Amino acid sequence: MKVWMLTVEFGDYEVLSFSNEEASDIFRDNFRGEPMKQNWTPIQVERYKDGVESDFPDGLSIHPVFSEKAVRVLNELLNENVELLPLLTESGEREYYAINVINVLDCIDERHSEVERFRNGKIMEYTKYAFQKDVIKEENIFKIVDHEKKIIFSTKVFVSDLFRERVLESGLKGFDFIEVWDSEKSEKEDVVAKPVPTMDTSQEIYSFEEATNLVEQQSKVVVSESLEWAMRLGDEKQTQIGHLQEDGDYKWMNPIYYPPIFLEMKWRTVNTSNKL
């Protein structure tokens with residue numbers, strides 16, 4: 001039994017954007033595990049970048065957006081675990097839904113998980129995930145709360161083996177998965193959710209603009225707070241984007257654009273002795 005973190009595949013796919021700032025605010029301030037459908041008004045979106053049609057398009061936020069096809073294929077697994085919030089497109093040719101995951105579980109195995117903390121002692125991030133198998137064994141899509149303060153990690157969505165298999169078998173495009181836990185492996189094995197670069201001791205957080213300046217002017221390596229994304233200077237002194245892969249390494253590419261969600265992310269510098 002495995003648990004996977006759901007994420008967008010970065011590549012030559014179409015990218016969506018909000019038609020206005022108010023819509024962006026709605027995405028940023030909501031999707032925290034609470035029902036929203038009763039007060040939802042369909043949000044207008046537009047195509048920011050043309051590309052291969054995606055069933056899990058990038059660009060709107062770090063919260064999932066599925067195509068109508070993806071909703072149809074995965075409907076049995078989504079059921080009452082999520083709310084499907086319709087979006088409006090300019091052409092109306094394709095239908096998309098914002099996915100509000102309301103299945104929030106208190107399922108972390110405290111003994112075998114590892115965390116990184118803020119200076120005040122609160123949990124900032126799990127660097128090694130371990131789950132209570134009896135709590136998640138029938139769950140196909142969910143969010144989690146931390147095991148101490150019971151605060152929701154609202155930007156992370158976890159899915160089951162069955163969910164991942166259904167996506168792969170159906171040929172849905174734009175989905176990517178990061179393995180974060182395998183119940184069959186020994187508890188003594190170092191099963192980490194993702195590589196854990198050594199953060200600068202200052203723990204200073206940077207905006208996207210500040211982070212890109214550090215990369216371009218000081219040749220720093222920076223990672224997003226979730227560690228899913230990284231930026232560095234390539235051999236030709238061009239800024240590269242790294243996306244975390246299932247094997248724990250970053251896949252580096254020379255971007256033709258920065259995904260809009262980068263602008264909302266917070267970044268940290270890392271020790272350059274780490275292999276990224």
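The values are calculated or read from the model by the stated rules, or taken from the named source; none is laboratory data. Owing to the predicted nature of the structure, the values given are computational and were not obtained by experimental measurement. A quick note on method: Cβ atoms are made from the backbone with ideal geometry, for glycine too, and the neighbour counts reach across all protein chains shown. When the accessible area is computed, the model is the full protein with side chains, heavy atoms only, and any ligands, DNA or RNA have been set aside. Shrake-Rupley method; radii C 1.70, N 1.55, O 1.52, S 1.80 Å.
Return the distance in nm (one decimal) between the two label points of a simple spin-label model at LYS37 and LYS133, each offset 7 Å from Cα along Cα→Cβ.
In this crude spin-label approximation the distance works out to 3.3 nm.
Please state, rounded to one decimal and in Å, the Kirkwood hydrodynamic radius that segment 200-239 gives when every pair of distinct Cα atoms enters the mean of 1/r. Don't skip to the end; give the middle numbers.
Numbers: mean 1/r = 0.0950 Å⁻¹.
Value: 10.5 Å, from the Cα pair sum.
Obtain the nm distance between the two label points defined at TYR258 and SER170 by a simple spin-label model: each point lies 7 Å from its Cα along the Cα-to-C-beta direction.
Computed distance between label sites TYR258 and SER170 equals 3.4 nm.
Can you give the accessible area per residue of segment 68-130, in Å², using a 1.4 Å probe? Working shown, then result.
Values: 3240 Å² over 63 residues.
Computed with neighbouring chains in place, this is 51 Å² per residue.
Using only protein heavy atoms and a 1.4 Å probe, report how much of ARG32 is accessible, in Å² to the nearest 10.
Here the residue's solvent-accessible area equals roughly 120 Å².
Based on the Cβ-Cβ distance from ASN75 to ASP106, what FRET efficiency comes out when R0 is 25 Å, to the nearest 0.05? Working shown, then result.
Working: r = 26 Å, r/R0 = 1.05.
FRET efficiency, ASN75 to ASP106: 0.45.
According to the Cα gyration tensor, what semi-axes, each the square root of 5 times an eigenvalue, does the equivalent ellipsoid of segment 111-151 have, listed from largest to smallest in whole Å? Please list the in-between numbers first.
Numbers: eigenvalues 95, 24, 14 Å².
The equivalent ellipsoid of segment 111-151 has semi-axes of 22, 11, 8 Å.
Evaluate the relative contact order of the chain (contact order divided by residue number), counting alpha-carbon pairs under 8 angstrom at least 6 apart; express in whole percent.
On the way: 563 pairs, mean separation 53.8, N = 276.
Computed over the chain, the figure is 19 percent.
Taking θ = phi - 60°, what integer Hz values does the Karplus form 6.51 cos²θ - 1.76 cosθ + 1.60 yield along segment 50-55, in sequence order, with x for Gly and Pro?
Rounded to whole hertz, the list is 6, x, 4, 4, 10, 8.
In nm, what is the difference between 0.36 nm times the number of residues separating PHE118 and GLU22 and their Cα-Cα distance? All intermediate terms of the calculation are to be shown ahead of the outcome.
Working: separation 96, 0.36 × 96 = 34.56 nm, distance 3.04 nm.
Taking PHE118 through GLU22 to full extension adds about 31.5 nm, to one decimal.
Pick from ASN100, ASN213, ASN140: which is most flexible by mean-square fluctuation in a GNM of the chain where alpha carbon atoms under 10 Å apart are linked?
ASN213
Counting other Cβ atoms within 10 Å, which GluC sites (Glu not before Pro) in segment 14-105 have at most 16 and lie in a DSSP loop?
Values: sites: GLU14, GLU21, GLU22, GLU46, GLU53, GLU68, GLU76, GLU80, GLU83, GLU90, GLU93, GLU95; in loops: GLU14, GLU53, GLU90, GLU93, GLU95.
Passing sites in segment 14-105 are GLU53, GLU90, GLU93, GLU95.
Tally Lys and Arg at +1 and Asp and Glu at -1 over the other residues with C-beta under 9 Å from the C-beta of LYS2: what net charge comes out? Could you put the intermediate results ahead of the total?
Values: positive: ARG164; negative: ASP161, GLU179, ASP182, GLU184.
That sum, taken over residues with Cβ under 9 Å, equals -3.
Just the number, please: Stokes-Einstein D of segment 1-141 in µm²/s, Kirkwood Rh from C-alpha pairs, 37 °C, 0.692 mPa s. Don't jump to the answer; show the numbers that get you there.
Working: Rh = 17.0 Å.
My calculation gives 194 µm²/s for D.
Can you pull the one-decimal nm distance between simple spin-label points at SER207 and ASP249, each 7 Å off the Cα toward Cβ?
3.6
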